[in-house]
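The values are calculated or read from the model by the stated rules, or taken from the named source; none is laboratory data. Note that the structure is predicted; figures quoted are calculated from it, not measured. Don't worry about glycine lacking a Cβ; one is built from the backbone with ideal geometry, like all the others, and counts go over all protein chains shown. Quick note on the areas: whole protein, heavy atoms, side chains included, nothing else; ligands and nucleic acids left out. Shrake-Rupley method; radii C 1.70, N 1.55, O 1.52, S 1.80 Å.
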Amino acid sequence: MLTFAAAVFFLIVTPGPGVLSTAGVGAAFGGRAGVRYVMGLFIGTNIVALAVISGVAAVVLADPRIRTVLFVVSTGYLLYLAFRIATAGSRVAFIEAQHRPGIRDGLALQAVNPKAYAVNTVMFSGFALGLGPVADPLAKLLIMNAIWLPLHFAWLGAGVWLRTLDLPERTQRAINVAMAASMLVVVGLALASLI
(Lines give C-alpha, C1' and ligand atoms only; values in the text may rest on other atoms or scores of the structure.)
Protein backbone atom coordinates (compact mmCIF):
# COMPACT_ATOMS: atom_id res chain seq x y z
CA MET A 1 0.00 0.00 0.00
CA LEU A 2 2.90 2.36 0.65
CA THR A 3 4.15 1.88 -2.92
CA PHE A 4 0.66 2.61 -4.21
CA ALA A 5 0.37 5.73 -2.00
CA ALA A 6 3.80 6.96 -3.16
CA ALA A 7 2.81 6.46 -6.81
CA VAL A 8 -0.46 8.32 -6.23
CA PHE A 9 1.39 11.19 -4.57
CA PHE A 10 3.90 11.63 -7.38
CA LEU A 11 1.32 11.25 -10.16
CA ILE A 12 -1.01 13.81 -8.59
CA VAL A 13 1.55 16.35 -7.33
CA THR A 14 3.11 16.80 -10.78
CA PRO A 15 1.62 19.73 -12.65
CA GLY A 16 -1.25 18.91 -14.94
CA PRO A 17 -4.37 20.76 -16.00
CA GLY A 18 -6.14 20.18 -12.65
CA VAL A 19 -3.45 21.44 -10.30
CA LEU A 20 -2.29 24.25 -12.57
CA SER A 21 -5.82 25.53 -13.06
CA THR A 22 -6.44 25.21 -9.31
CA ALA A 23 -3.46 27.43 -8.59
CA GLY A 24 -4.63 29.80 -11.33
CA VAL A 25 -8.10 30.11 -9.82
CA GLY A 26 -6.54 30.78 -6.42
CA ALA A 27 -4.24 33.45 -7.88
CA ALA A 28 -6.99 35.11 -9.90
CA PHE A 29 -10.08 34.77 -7.69
CA GLY A 30 -8.94 33.82 -4.20
CA GLY A 31 -9.67 30.94 -1.89
CA ARG A 32 -13.48 30.90 -1.86
CA ALA A 33 -13.81 30.49 -5.64
CA GLY A 34 -10.91 28.06 -5.53
CA VAL A 35 -12.69 25.79 -3.04
CA ARG A 36 -15.74 25.55 -5.32
CA TYR A 37 -13.51 24.80 -8.29
CA VAL A 38 -11.59 22.11 -6.37
CA MET A 39 -14.89 20.49 -5.40
CA GLY A 40 -15.80 20.26 -9.10
CA LEU A 41 -12.40 18.75 -9.88
CA PHE A 42 -12.85 16.32 -6.98
CA ILE A 43 -16.27 15.15 -8.17
CA GLY A 44 -14.93 14.95 -11.73
CA THR A 45 -11.86 12.92 -10.83
CA ASN A 46 -14.00 10.45 -8.90
CA ILE A 47 -16.38 10.13 -11.86
CA VAL A 48 -13.35 9.40 -14.05
CA ALA A 49 -12.11 6.86 -11.46
CA LEU A 50 -15.49 5.12 -11.41
CA ALA A 51 -15.55 5.09 -15.23
CA VAL A 52 -12.11 3.45 -15.22
CA ILE A 53 -13.01 0.93 -12.48
CA SER A 54 -16.29 -0.06 -14.13
CA GLY A 55 -14.76 -0.36 -17.58
CA VAL A 56 -17.01 2.35 -19.05
CA ALA A 57 -13.96 4.45 -19.93
CA ALA A 58 -12.40 1.50 -21.76
CA VAL A 59 -15.61 0.86 -23.72
CA VAL A 60 -16.10 4.52 -24.64
CA LEU A 61 -12.43 5.06 -25.46
CA ALA A 62 -12.42 1.87 -27.57
CA ASP A 63 -14.37 3.80 -30.22
CA PRO A 64 -11.61 5.43 -32.27
CA ARG A 65 -13.84 8.37 -33.23
CA ILE A 66 -14.63 9.29 -29.61
CA ARG A 67 -11.03 8.72 -28.57
CA THR A 68 -9.81 10.95 -31.39
CA VAL A 69 -12.24 13.76 -30.53
CA LEU A 70 -11.32 13.64 -26.83
CA PHE A 71 -7.64 13.48 -27.69
CA VAL A 72 -7.82 16.47 -30.04
CA VAL A 73 -9.84 18.53 -27.54
CA SER A 74 -7.65 17.73 -24.55
CA THR A 75 -4.34 17.98 -26.43
CA GLY A 76 -5.38 21.25 -28.04
CA TYR A 77 -6.35 22.66 -24.68
CA LEU A 78 -3.09 21.55 -23.07
CA LEU A 79 -0.96 22.96 -25.91
CA TYR A 80 -2.89 26.23 -25.75
CA LEU A 81 -2.40 26.36 -22.00
CA ALA A 82 1.34 25.64 -22.31
CA PHE A 83 1.68 28.37 -24.95
CA ARG A 84 -0.22 30.90 -22.82
CA ILE A 85 1.92 30.12 -19.80
CA ALA A 86 5.24 30.16 -21.68
CA THR A 87 4.47 33.45 -23.44
CA ALA A 88 3.11 35.23 -20.38
CA GLY A 89 6.35 37.16 -20.13
CA SER A 90 7.52 38.22 -16.71
CA ARG A 91 4.30 37.80 -14.76
CA VAL A 92 3.21 34.55 -13.20
CA ALA A 93 0.26 33.35 -15.23
CA PHE A 94 -1.22 29.97 -14.44
CA ILE A 95 -4.48 30.47 -16.30
CA GLU A 96 -6.46 33.56 -17.10
CA ALA A 97 -10.21 33.21 -16.74
CA GLN A 98 -12.97 35.56 -17.74
CA HIS A 99 -15.44 34.45 -15.06
CA ARG A 100 -15.26 33.07 -11.55
CA PRO A 101 -14.84 29.30 -12.04
CA GLY A 102 -16.99 26.95 -10.01
CA ILE A 103 -17.99 23.32 -9.61
CA ARG A 104 -19.22 22.98 -13.20
CA ASP A 105 -15.88 24.22 -14.56
CA GLY A 106 -13.96 21.69 -12.50
CA LEU A 107 -16.23 18.89 -13.69
CA ALA A 108 -15.82 19.96 -17.31
CA LEU A 109 -12.04 20.05 -17.06
CA GLN A 110 -11.83 16.55 -15.59
CA ALA A 111 -14.07 15.17 -18.35
CA VAL A 112 -11.42 15.98 -20.97
CA ASN A 113 -8.31 15.87 -18.77
CA PRO A 114 -6.03 13.15 -20.18
CA LYS A 115 -3.98 13.13 -16.99
CA ALA A 116 -7.07 12.18 -14.96
CA TYR A 117 -7.71 9.16 -17.18
CA ALA A 118 -4.03 8.19 -17.32
CA VAL A 119 -3.54 8.42 -13.54
CA ASN A 120 -6.70 6.48 -12.78
CA THR A 121 -5.93 3.81 -15.36
CA VAL A 122 -2.42 3.33 -14.00
CA MET A 123 -3.61 3.28 -10.40
CA PHE A 124 -6.53 0.90 -10.84
CA SER A 125 -4.93 -1.48 -13.33
CA GLY A 126 -1.25 -1.29 -12.41
CA PHE A 127 -1.32 -2.04 -8.69
CA ALA A 128 -2.81 -5.02 -6.92
CA LEU A 129 -3.31 -4.51 -3.21
CA GLY A 130 -4.49 -8.09 -2.76
CA LEU A 131 -7.66 -7.14 -0.90
CA GLY A 132 -10.16 -8.71 -3.27
CA PRO A 133 -12.24 -7.54 -6.24
CA VAL A 134 -14.40 -5.12 -4.21
CA ALA A 135 -12.12 -4.07 -1.36
CA ASP A 136 -9.14 -3.43 -3.66
CA PRO A 137 -10.73 -0.59 -5.71
CA LEU A 138 -12.46 0.82 -2.62
CA ALA A 139 -9.16 1.00 -0.73
CA LYS A 140 -7.51 2.60 -3.75
CA LEU A 141 -10.28 5.21 -3.98
CA LEU A 142 -9.88 6.06 -0.30
CA ILE A 143 -6.09 6.32 -0.55
CA MET A 144 -6.23 8.36 -3.75
CA ASN A 145 -8.79 10.80 -2.34
CA ALA A 146 -6.88 11.12 0.94
CA ILE A 147 -3.87 12.25 -1.10
CA TRP A 148 -5.74 14.10 -3.88
CA LEU A 149 -7.63 16.56 -1.66
CA PRO A 150 -4.70 17.93 0.39
CA LEU A 151 -2.49 18.21 -2.70
CA HIS A 152 -5.09 20.21 -4.60
CA PHE A 153 -5.72 22.45 -1.61
CA ALA A 154 -1.95 22.96 -1.36
CA TRP A 155 -1.88 24.05 -5.02
CA LEU A 156 -4.84 26.33 -4.34
CA GLY A 157 -2.98 27.81 -1.37
CA ALA A 158 0.11 28.31 -3.56
CA GLY A 159 -1.97 30.25 -6.07
CA VAL A 160 -3.51 32.43 -3.37
CA TRP A 161 -0.06 32.98 -1.86
CA LEU A 162 1.56 33.84 -5.24
CA ARG A 163 -1.10 36.47 -5.68
CA THR A 164 0.40 38.36 -2.74
CA LEU A 165 4.07 38.18 -3.83
CA ASP A 166 6.11 40.72 -5.73
CA LEU A 167 8.59 38.36 -7.42
CA PRO A 168 11.49 39.54 -9.59
CA GLU A 169 10.92 39.32 -13.36
CA ARG A 170 13.52 36.60 -13.83
CA THR A 171 11.87 34.38 -11.19
CA GLN A 172 8.42 34.91 -12.67
CA ARG A 173 9.68 34.03 -16.15
CA ALA A 174 11.39 30.86 -14.83
CA ILE A 175 8.14 29.78 -13.14
CA ASN A 176 6.22 30.29 -16.39
CA VAL A 177 8.72 28.26 -18.44
CA ALA A 178 8.71 25.42 -15.87
CA MET A 179 4.90 25.31 -15.87
CA ALA A 180 4.77 25.29 -19.69
CA ALA A 181 7.34 22.47 -19.81
CA SER A 182 5.22 20.51 -17.33
CA MET A 183 2.18 20.92 -19.55
CA LEU A 184 4.17 19.64 -22.54
CA VAL A 185 5.13 16.56 -20.51
CA VAL A 186 1.42 15.95 -19.89
CA VAL A 187 0.80 16.24 -23.66
CA GLY A 188 3.65 13.77 -24.25
CA LEU A 189 2.12 11.31 -21.79
CA ALA A 190 -1.22 11.65 -23.54
CA LEU A 191 0.46 10.91 -26.89
CA ALA A 192 2.32 7.95 -25.41
CA SER A 193 -0.91 6.47 -24.08
CA LEU A 194 -2.24 6.24 -27.65
CA ILE A 195 0.74 4.27 -28.91
Projected label distance in nm at ALA62 and ARG100, using a 7 Å step from Cα toward the beta-carbon
4.5
Between the modelled labels at LEU142 and LEU184 (7 Å from Cα along Cα→Cβ) the distance in nm is 4.2
Ranking SER54, SER74 from most to least accessible area with a 1.4 Å probe gives SER54, SER74
Could you tell me the center-to-center distance, by alpha carbons, between segment 107-182 and segment 28-46 in angstrom?
13
Solvent accessible area, Å² - TYR37, 1.4 Å probe, full protein context:
10
